[in-house]
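Nothing in this text is a laboratory measurement; each read-out follows from the coordinates by a stated rule. What you see is a predicted model, and the numbers here were worked out from it, not measured in a lab. Don't worry about glycine lacking a Cβ; one is built from the backbone with ideal geometry, like all the others, and counts go over all protein chains shown.
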Amino acid sequence: MIEADFDTNVLVRAITRTATYRRTSKGKDKTQNDPRQFARMNVKGLTPEQLFDSLALATGHREDVPVSARIAFGIQQDSPRGQFLAKFAGGAQRTDSQTSILQALSLMNGEWMARQTDPEKGETLVAIANSPFLNDASKVDVLFLATLTRLPTTAGREKFASYVAREGDVGRNQQLADVLWVLLNSQEFLLNH
């Protein structure tokens, strides 16, 4: 750290380049099933705070109350964040990937989630849908990058892009919203793996 003039970016780069940091949760052999061997990363559910922050970042939601005020004065119970944390607080351990029925319904049909995946109100969705320089496949790529921080597989891109391009009753923007909803409710988004 002294040689790097206490630049924390050097430390972060060194950590992220290690094989341990890049370890995946997918086992390739039966010998990797014993968690005491640290042969693979264990799948963990996100904490309620991490989940809300991830959803907010992916959908472009901005809190009315700045982070510094939340830290100083606590979370307002009637805010979207407060209501979300009240539904997801307590209970299961982080290693348990199960959610309660209330939590699952909130993620699938909740008022806040519906607003974030509304093609006319969701910040990220509106920005992607109204980008004239993106074709359907590029819009799917951007949705994947915004939610899962990776590009889709070739098969995934083709599947979602053909769904968005399909003529239907709901329109292209709603079909993009459906893709966003699917990505936000996927296990890949909801779990730390």
Here the convex hull volume per residue of region 123-184, taken over Cα atoms and given in Å³, is 76
The ³J(HN,Hα) series, computed from each phi in region 171-187 with the Karplus coefficients 6.51, -1.76 and 1.60 at θ = phi - 60°, rounded to the nearest Hz and given as x for glycine or proline, is x, 4, 5, 5, 5, 5, 4, 4, 4, 4, 4, 4, 5, 5, 9, 7, 4
Computed from the beta carbon distance with a Förster radius of 25 Å, FRET efficiency for K26 and E49 to the nearest 0.05 stands at 0.40
Looking only at aspartates and glutamates whose Cα falls under 17 Å of K44's and that sit 8 or more positions away or on another chain, we get D34, D53, D96, E188
When I15, I2 are ranked with the fewest other C-beta atoms within 10 Å first, the list becomes I2, I15
Taking M1, M108 and counting other beta carbon atoms within 10 angstrom, the fewest-first order is M1, M108
Diffing region 35-48: the Karplus 3J(HN,Hα) column from phi (6.51, -1.76, 1.60, θ = phi - 60°), in whole Hz with x for Gly and Pro, holds x, 6, 8, 6, 7, 8, 6, 6, 6, 10, x, 6, 5, x
Per the C-alpha gyration tensor (a ≥ b ≥ c, the square roots of its eigenvalues), region 1-61 is rounded if a/c is under 1.5, else prolate if a/b beats b/c, else oblate; here it's oblate
